[in-house]
Amino acid sequence: MDLVLGVDVGGTSIKAGVFTTSGELLGETSVRTPELSSEAAYGLVTGSLKDLVASVDMPDPYVVAIGLDIPGPICEDGTIGFLANAVIDLDGVKGAIRSAFPGAFLTVVNDADAAAIGEMWQGAARDYRSFVCCTLGTGVGGGVVVGGNLVLGKNGSGGEIGHITVNPAEQDRCGCGRRGCLEQYASATGLVRLYLKECEECGSQAWPIEHSSDAYGVFKALDGGDEHAKSAISQMCEYLAIAFAQIATVVDPSAFVIGGGVAGSFDVFHDELVERFRAHCLPIQAGTPMIAATLGNQAGMFGSAYEALRGSKWRREDD
């Protein structure tokens, strides 16, 4: 039976799923992310993938394609643009995977882009061929899909939604070195920052916040009637709406798909986000739906698997 592997390399763990070519998830595994720059580390990854395939209760399982997503942009020539939070020798990893699965087609994709494609294959965007996926997590990631294909760009930085400038007057620097990026306001870290700043400026006691990206704490404060939490979430919606309106003038997507940890409370701020978007977008785009992603932390596995399947010899011949 023909199978596909989707491998999602995160900062703390590597998650892998084994799929049928029609998109059914048959099994998954996870290992702690090592520095992917040694034979021992490569062996940890390939060993877990082999064990995963072996666990499939199917006759003659054969891997035809493997997708690998990583937390960094993939340039036009297939190299990594930069890695902020991981150590990866991409050539070494690819070589080890090809040795372990010599008959499989291998492709590498950015993690946010993989999440977008995953949502298109088996998630919330199955009915759309052109859409924008925005992940609101520790940072703000994004994937832009037009006509069923990712918009990547020469340096792999197409879809870097989190680094759209939405506040040129900002004095604090973003992690990218610039100022006023969407990520500074709409990520989990950004929302907590907005909330604590509101409390500080008003001399008010903040609701208990457990860590710098505890967006859940801000939503708990809102549920408890905290006006500063309400103000911070409104600011987040305003900056998101500004960014989405600018994206819409260029891409004109059929939908915005919202994922990530902050989106766990999407139902709380959906209506306000839509209202603010309509205030900034072109009138003809006011009806663009905003929907919640559905694959959660499995989206990268699904998407990387699908990108590999689409690029593989098996898929081309089957089509």
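The values are calculated or read from the model by the stated rules, or taken from the named source; none is laboratory data. Remember, predicted model here, so these are calculated numbers, not experimental data. Note: ideal-geometry Cβ built from the backbone for every residue, glycine included; neighbour counts use all protein chains shown. Ligands, DNA and RNA are excluded from the accessible area calculation, which covers all protein heavy atoms including side chains. Shrake-Rupley method; radii C 1.70, N 1.55, O 1.52, S 1.80 Å.
Any residue in region 62-72 that is in contact (Cβ under 8 Å) with a residue 12 or more places away in the chain, out of contact with any Leu (no Cβ under 9 Å at 6 or more places or on another chain) and farther than 14 Å from VAL108 by Cα?
no
Select from region 252-266 the residues that are outside any loop (DSSP other than H, G, I, E, B) and open to solvent by 10 Å² or more (accessible area, probe 1.4 Å) and write down the one among them that is farthest from CYS133 (Cα to Cα).
SER265
Test each condition in (1) touching a residue at least 40 places away in the same chain (Cβ under 8 Å); (2) surrounded by fewer than 21 Cβ atoms within 10 Å (Cβ to Cβ); (3) in a helix (DSSP H, G or I) for VAL274 and report the one that comes out false.
(1)
A quick yes/no check of all residues on (1) over 30 Å from VAL108 (Cβ atoms); (2) assigned to a loop (DSSP other than H, G, I, E, B):
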{"position": "THR189", "(1), (2)": "no, no"}
{"position": "GLU200", "(1), (2)": "yes, no"}
{"position": "HIS211", "(1), (2)": "yes, yes"}
{"position": "HIS228", "(1), (2)": "yes, no"}
{"position": "GLN235", "(1), (2)": "yes, no"}
{"position": "ALA241", "(1), (2)": "yes, no"}
{"position": "VAL250", "(1), (2)": "no, no"}
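Does at least one position in region 308-319 carry a residue that is out of contact with any Phe, Trp or Tyr (no Cβ under 9 Å at 6 or more places or on another chain) and aliphatic (A, V, I, L, M)?
no
From the list ALA305, ALA248, exactly one residue is out of contact with any Asp or Glu (no Cβ under 9 Å at 6 or more places or on another chain) and either closer than 24 Å to ALA169 by Cα or free of Cβ contacts under 8 Å to residues at least 12 places away in the same chain (or both). Which is it?
ALA248
Can you pull out the residues in region 201-226 that are hydrophobic (A, V, I, L, M, F, W, C), within 16 Å of SER265 (Cα to Cα) and open to solvent by 40 Å² or more (accessible area, probe 1.4 Å)?
Step one: of region 201-226, the residues hydrophobic (A, V, I, L, M, F, W, C) are 202, 206-207, 209, 215, 218-219, 221-222.
Checking the rest, the ones that are also within 16 Å of SER265 (Cα to Cα) come to 215, 218-219, 221-222.
Across region 201-226, the qualifying residue is only LEU222.
Could you tell me how many of the residues in region 141-182 are open to solvent by 10 Å² or more (accessible area, probe 1.4 Å) and in a strand (DSSP E or B)?
Qualifying residue count for the region: 8.
If you scan region 104-132, which residues turn out to be touching a strand residue (DSSP E or B) at 6+ places or on another chain (Cβ under 9 Å), free of Cβ contacts under 8 Å to residues at least 60 places away in the same chain and not hydrophobic (A, V, I, L, M, F, W, C)?
Within region 104-132, just ASN110 meets the criteria.
Name the single residue that is surrounded by the most Cβ atoms within 10 Å (Cβ to Cβ) among those in region 73-129 being among the basic types (Lys, Arg) and part of a helix (DSSP H, G or I).
LYS94
Mind checking whether some residue in region 300-307 is open to solvent by 30 Å² or more (accessible area, probe 1.4 Å) and more than 25 Å from VAL192 (Cα to Cα)?
Checked against the condition, which is being open to solvent by 30 Å² or more (accessible area, probe 1.4 Å) and more than 25 Å from VAL192 (Cα to Cα), region 300-307 yields at least one hit.
Please go through region 227-246 and give me each residue that is farther than 14 Å from GLY217 by Cα and open to solvent by 20 Å² or more (accessible area, probe 1.4 Å), ordered by number. Before the answer, list the steps.
Residues of region 227-246 that are farther than 14 Å from GLY217 by Cα, as a first pass: 231, 234-246.
Hits for region 227-246 are SER231, SER234, GLN235, GLU238, TYR239, ILE242, GLN246.
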